[in-house]
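*Asks:* Supplied in structure tokens, the structure appears directly below.
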Amino acid sequence: MTLTKSHLIDAITEHNGFIRKKSSETFATIPKIIKSTLASGEEVLISGFGRFSVKEKRERIGRNPATGEDMVLAPRRGVKFKCSGTLRDKING
């Protein structure tokens, strides 16, 4: 089963005793903060979970899948996630 936004909001409601609307507002704030922090180029570190960082990707040669033609892909920024040792240990048992 995939953990969805709705499941997370239900869990916040159950664990904190909030009404669903309050849980939804609380949950919606977290991704906004993470997005704005990453957009400014800063890292986001959540202890016991992991670190989100922005990685600069250089220009590279790619291929158009429809035509097979080579093309130059512009440099861009991407998000990288590295899980914490605690999370890695929990996943691996």
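The values are calculated or read from the model by the stated rules, or taken from the named source; none is laboratory data. What you are looking at is a predicted structure, and each value in this text was computed from that prediction instead of being measured. Please note that ligands, DNA and RNA were not included when accessible areas were found on the heavy atoms of the full protein model with its side chains. Shrake-Rupley method; radii C 1.70, N 1.55, O 1.52, S 1.80 Å.
*Asks:* Could you put 89, 10 in order of accessible surface area, largest first, with the 1.4 Å probe and the full protein assembly present? It would help to have the intermediate numbers written out before the result.
*Replies:* Details: 89 105, 10 75 Å².
Correct descending sequence by accessible area is 89, 10.
*Asks:* So which of 57/80; 32/57; 21/80; 32/80 end up more than 22 Å apart, counting from Cα to Cα? Write down the numbers at each step before the final one.
*Replies:* Working: 57/80 11 Å; 32/57 24 Å; 21/80 31 Å; 32/80 17 Å.
From the list (57/80; 32/57; 21/80; 32/80), the Cα-Cα distance tops 22 Å for 32/57; 21/80.
*Asks:* Rounded to the nearest 500, what is the chain's calculated 222 nm mean residue ellipticity when only DSSP H runs of at least 4 contribute -39500 (n - 2.57) each, over all residues?
*Replies:* -13500 deg cm²/dmol
*Asks:* Could I ask something else about it? With a 1.4 Å probe and all protein chains in place, put 37, 67 in order of accessible area, largest first.
*Replies:* Details: 37 35, 67 95 Å².
Descending order: 67, 37.
*Asks:* Leaving out ligands, DNA and RNA, what percent of the accessible area of the chain is carbon and sulfur, probe 1.4 Å? Each step should come with its number before you reach the end.
*Replies:* On the way: 4270 of 7660 Å².
Carbon and sulfur atoms account for 56 percent of the accessible area of the chain.
*Asks:* Using a 1.4 angstrom probe with every protein chain in place, what is the largest-first accessible-area order of 45, 8? Before the final figure, lay out the partial values.
*Replies:* Details: 45 115, 8 60 Å².
Ranked from most to least accessible, the order is 45, 8.
*Asks:* Mind jotting down the distance between the C-alpha centroids of segment 5-64 and segment 70-93, whole Å?
*Replies:* Cα centroid of segment 70-93 versus Cα centroid of segment 5-64: 14 Å apart.
*Asks:* OK, next. Ignoring ligands, DNA and RNA, what accessible area per residue does the chain give at 1.4 Å, in Å²? Numbers along the way, then the final one.
*Replies:* On the way: 7660 Å² over 93 residues.
It amounts to 82 Å² per residue over the chain.
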